[in-house]
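Below: the structure, in structure tokens.
Coordinate-derived values only; no laboratory data. Keep in mind that this is a model prediction, so the values were computed, not measured. All Cβ positions, glycine included, derive from the backbone under ideal geometry; neighbour counts span all protein chains shown.
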Amino acid sequence: MRRINFSLVLLALGTLLLTPVIPLHAQANPETSSQPAASRAEGNTAPRETEAERITRLRRTIEQNQKLVAELQTAIEDEGGDYAEAETEFQKLDEELEGKKKELEQRRSENQPVGKLEEEIAGLQEHWQLARDRFNLAIQERKTQQEQLATIQRRIQQDREVLDRLLKPTSADTQPATAPPPTAEPASTPAPSGETTPAPAPIPPPGGMPPAPAAEPASPPETEQPLSAEALQARQEAEARQQEAEQAAEEVRSVTERIKQLEKTMALQRELLETARQRRENARETERTLNEQVRKMTAEGADQAAIQETWERIAQARQRISDAEREVLERVNRIDALHGEHAKLQAEHIAALERAELADREAEEARQKVRAIENPFSLNNMINWLLTSGMRILGILAGMFGLLWLLRRLVHQLTNIIAARTQRGSLRDRENRAQTLSSVFHHTAAVIIIVAGSLMILSEIGIDIVPLMGGVAVVGLAVAFGAQNLIRDYFYGFMIILENQYGINDVVRIGNVAGLVERINLRITVLRDLEGVAHFVPNGEIKTVSNMTHGWSRVVLDIGVAYQENSDEVMRIITAAAMEVRNDPRYSHLILDDPEMLGLDSLGDSSVVFKMIIKTRALQQWTVKRAMLYQIKKRFDEAGIDIPFPQRRLSVVGNQPIPVEVIQKQRLGNLEVDR
């Protein structure tokens, strides 16, 4: 028997080593690609057990296990079996031994002879130990039988599940993805020597590696693009191969679990075998002890009834020896049968591993094919992308540039339309107003065109813009809380443009900064001062604006003359000079009204000041002022009117020396000294 089992192990190992290995990158045969992985695996390996043989074997195994379950239940529930006999015998001997011990103590307390009673107790003690050992063996056997009963019931359930899959296979799409099969750990209970063979070692899977867990099929991208017929077919094939791999992995897990339960059953059978052997040795020792007791009783001339009772106990011990030997033989045969079933399950396990490996390899090849087809950087996909999305992106870019070019033209036309239809202010004011509005409109429209075009391009590339828009909303909310000054700048800029507080080419003073408005948008205002320095003022920081060119401007002249000059003559000369400038063709169109002489304005420290105002067009007050000053200075020189400079008169009392600083100021003409 030991030679047969060892041959089975060698056969299984030989089958493992001779299993043909399929290359990892081998292409599936188109004629067999539609066949299940199990059929393809059977076609590439040596002939194995057919489904009919497996069904018959499973049914036979289930029937045998059901009979064994019935036998175990009967043995466990049998009230007159060996367990009950052992328990009754031990209780009887234990009570008898306790009674003898009490009697011994009583005799000793009464100083009576105890020699014969001690001999009886010694002989009874030996019987008590044998009965105790027998009862312990019976208890151990009962526990092992209960554990074996649960194991066999579990095996029956697993075999029925496999039988149901063979008779009524579940559709592939309803098979759940399973975890990698658990590693079966064979029972480590040592087999007693002499009558059984060692448990066969578990056969490793082909290639020395456990089957890899089934990987999930390639998930489609978040943004679904129209699939070609080739990509759709490749995906369907990958899904089918993945389902086959999951089914094969489930089969491997099932066979592994069955092997584990079978090895547990074998371990329990070996424990029962060892228990049967110990019961046999216990019965033999009981027979030997009783035979010695009969010889002793005969020699001492004991009562025949007691001798007859001992012979009956000897007969019972011999019957237990016979039963134990028969049970040992049955256990050995049953373990041998389990070894044969174990070898078949290992062969089935090897076949399942091969099918799982083949299915997993084909599933991986199908996934690689899908990835190759759907790889955006492959040559075919890049060409297709250029012919579809690439052309659309080029169209979007062309549309963006066209709209921006058209926007420039429209802004120019819009400037002319606004300047022509607006009645408020001069033509230059209307043009500045139109230029300001057009600049803001051009900037806003350009931003909208660029943002919209960029979103369309991202959508064509394959990026889902819906989450992106959600992210923009979140960022906008964060900006609303964290960048309130920026929002304030835009709001103030909108109000400035709406109320026409100032525009491009206006001269304004914002705080301590004054200059020409070069550019204005919703965010900032750019001022250029006389020295050419550009000042960037955030609109939100503007509190007060002084527009020196809003609608019209005014020249304000403060003209100082010496105290000795005739005031009426001075006012006449100034008025004549102003009218000359007013009638000059170079300046007449810049002056909106006749100059207005306000008269003597103040008496200064060294001069009499006359004030005149002239209303001019916006931004022209400095040109008119320069012309006026030129004419006034020219006429004053002709009339001999003195334009004084600051003077100070100092009187020195007595003959004190004059300080050097005073003499220097006298020489410069800024100081008169009287002695």
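Here are some notes:
- Gap separating the Cα centres of the range 370-413 and the range 227-262, nearest whole Å: 41 Å
- Estimated dipole of the range 226-277 in Debye, rounded to 20 [Cβ of Lys and Arg +1, of Asp and Glu -1, Cα centre]: 380 debye
- Rounded to the nearest 20 debye, the dipole magnitude of the range 246-381 is 340 debye, with +1 charges on Lys and Arg beta carbons, -1 on Asp and Glu beta carbons, and the Cα centre as origin.
- Computed label-point distance, nm, for sites Asn583 and Asn566 using a 7 Å Cα→Cβ extension: 2.2 nm
- Footprinting exposure proxy ranking of Val609, Val517, Val332, fewest other C-beta atoms within 10 angstrom first, gives Val609, Val332, Val517.
- Radius of gyration and maximum dimension Dmax of the range 487-556, Cα, Å: 11.5, 40
- Exposure proxy ranking for Lys168, Lys260, Lys615, Lys296, based on other Cβ atoms within 10 angstrom of each Cβ and starting from the fewest, stands as Lys168, Lys296, Lys615, Lys260.
- A Förster radius of 41 Å combined with the Cβ-Cβ distance from Phe491 to Met391 puts the calculated FRET efficiency at roughly 0.45.
- Fully extended contour minus Cα-Cα distance, from Arg509 to Gln125, at 0.36 nm per residue: 125.7 nm
- Built amide H within the under 5 Å cut-off of Asn547, gap 5+: Arg509
- Each of Ile393, Ile461 was scored by other Cβ atoms within 10 Å of its Cβ. Listed from fewest to most, they are Ile461, Ile393.
- With a Förster radius of 25 Å applied to the C-beta separation of Met297 and Glu103, the computed FRET efficiency comes to 0.80.
- Between Asp506 and Val517, the built amide H atoms are under 5 Å apart, and every one of these is 5 or more places off in sequence or on another chain.
- Efficiency of FRET between Glu77 and Glu161 - r from beta-carbon atoms, R0 22 angstrom, step 0.05: 0.20
- Qualifying chymotrypsin sites (Phe, Trp or Tyr not before Pro) in the range 362-411, DSSP loop, other Cβ atoms within 10 Å at most 13: Phe377
- For Phe610, residues with placed amide H under 5 Å, excluding near neighbours: Ile559, Gly560, Val561, Asp601
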